[in-house]
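Scroll down for the structure; my scribbles are underneath it.
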Amino acid sequence: MKSSPEFPLPADAAARRAEPAVVAYPTNDHTTADRRVYQSARQKLTLLKCLEINPRSADVFSVPAGHFFRIVSTEGPQVGDLNLWHQHDLNEAFYSGKTRALHGTHLSTGDRLWSRFPFLRPLATITADTLDWYGWDDDGCSVHDVIGTRCDPYTEHQLSGRHYHHCCHSNLTRALADYKGWSFGQAEPYVHDVLNVFMCTGFSLDTHQYIMKASPVRPGDYLEFFAEDDLLGALSACPGGDCSASHSSDAASCYPLVVEIYQPDSTNSGGWESPSVNGYRADG
Ligand SMILES: [Zn+2]
C-alpha cells in the first residue's frame with residue numbers, strides 16, 4: 001500500500017504522470033479464442049458426469065480434451081476456488097498471473113486459462129458466463145477474479161494467530177492428495193493461485209487494496225469452460241460462502257457447488273485442435 005510520500009515532488013512530476021498508458025500485453029489472434037468454434041460445439045451437449053462439492057471442502061475431477069465443464073450454483077450464493085492442471089503432467093498448472101496480464105483482473109466468455117512456463121498454452125477457454133451481465137460496479141468490482149490467489153491458513157495465521165483448516169488452499173491440497181494417494185505435503189506444492197469463480201472482488205478506489213463483496217451468483221448460474229487438453233481440476237467451495245464478510249470462517253452460510261462434465265456432438269467440433277505447447281526454445 002502506498003503511504004504518504006517521504007520524498008519531495010520533482011518539478012516535472014505532473015509531466016511524468018501524464019505519460020500515456022499502453023496495454024502491456026495486447027491480445028491478438030494468437031491469444032484470443034475463436035468464439036464461433038466453441039459456440040458451434042456447445043450447440044448439442046450430453047451430460048456425462050455430475051459432481052457435488054460439499055461446503056468448506058474440495059474435490060478433484062477430470063475432463064477429457066474437447067469436452068466442456070460447468071461450475072454450477074445450485075442452492076445458494078457460493079464462491080468456488082478453481083485449480084487446473086494438465087491431467088498427464090501436474091507441472092503444467094494454471095498460471096493466474098500471466099492469465100491476468102493477458103486478459104485482465106476478471107475473466108468471462110472468450111478468455112482463456114493459460115498454463116505455466118515453459119508450456120504457456122491455453123488449458124481451458126471460458127465459453128459461457130451467466131454473470132456476464134454484472135460487468136463493473138460502482139466499487140470497481142466484478143466477478144471471476146484472478147487477483148485473489150486463494151484463502152490459505154498461513155496468511156490467516158499471520159493475521160489472526162489462529163489455526164483454520166478449511167481454507168481453500170487446504171481443501172484443494174487434501175482433495176489432490178486423496179485423488180493421487182499422496183500425503184498432504186506431497187500434494188501441497190502443486191496447489192496454485194486460483195480462478196475465483198463467482199467471487200465479486202476488486203481493488204479499493206483509494207488505497208487499491210484487495211476488496212470483496214457479496215457474490216451476485218444465484219442458483220442456476222454457471223461458468224462454462226472448454227477443455228483444450230486432458231485436464232485435472234480441483235474445486236473448493238470456499239468457507240467464506242458468498243464472501244460478503246469473511247473468507248476463512250465457519251460462521252458464513254455455505255452451499256455446495258456442482259461440477260458438470262459435458263460431451264459435445266463431435267460432428268460440431270468445427271476443426272478444433274488441442275493447442276501445442278509454447279513454441280519458444282531457450283538458447284541455453
Ligand atoms: Zn476460499
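Per-structure values
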item	result
Sequence of ILE147, ILE126 once ranked by neighbouring C-beta atoms within 10 Å, starting from the fewest	ILE147, ILE126
Share of alpha-carbon pairs per 10 Å distance bin for region 46-265, given as whole %	9, 36, 40, 14, 1, 0
Charged-residue dipole, Cβ positions (Lys, Arg, Asp, Glu), region 103-181 about Cα centre, Debye nearest 20	620 debye
FRET efficiency, TRP182 to ASP139 (Cβ-Cβ, R0 41 Å, nearest 0.05)	0.50
Fluctuation leader among TYR222, TYR154, TYR255 - the chain, Gaussian network, Cα springs under 10 angstrom	TYR154
Stretch gain in nm, segment ALA13-SER160, where the contour uses 0.36 nm per residue and the Cα spacing is subtracted	48.9 nm
Ascending count of other beta-carbon atoms within 10 Å, so fewest first, for ARG42, ARG36, ARG218, ARG56	ARG36, ARG218, ARG42, ARG56
Longest site-free stretch - the chain; sites: GluC sites (Glu not before Pro), DSSP loop, at most 16 other Cβ within 10 Å	76-272
Positive-end residue, the chain charge dipole about Cα centroid, Cβ charges, pick of LEU131, PHE225, SER266	SER266
Relative exposure of TRP136, TRP85, judged by other C-beta atoms within 10 Å (fewest first)	TRP136, TRP85
Computed E for ASP89/ARG36 - FRET, C-beta separation, R0 25 angstrom, nearest 0.05	0.25
Dipole moment magnitude, nearest 20 debye, the chain about Cα centre, only Lys, Arg, Asp, Glu C-beta charged	180 debye
Tally of Lys pairs whose C-alpha atoms are under 27 Å apart, taken over the chain, 8 or more apart or cross-chain	4
Residue among SER236, SER248, SER40 with the largest mean-square fluctuation in a Gaussian network model of the chain, springs linking Cα atoms under 10 Å	SER40
Rough spin-label spacing in nm, given labels placed 7 Å along Cα→Cβ, for THR207 and ALA65	4.8 nm
Cα centroid separation, region 115-180 to region 236-261 (Å)	12 Å
Of ALA175, ALA11, ALA58, the one that fluctuates the most in a GNM where the chain has Cα springs shorter than 10 Å	ALA11
Per-residue [θ]222 nm for the chain (sum of -39500 (n - 2.57) over DSSP H runs n ≥ 4, rounded to 500)	-4000 deg cm²/dmol
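Only the coordinates and a few stated rules stand behind these numbers; no lab work does. Bear in mind the structure is a predicted one, so any value in this text is a computation, not a measurement. Reconstructed Cβ throughout: ideal geometry from the backbone, glycine too, with neighbour counts over all protein chains shown.
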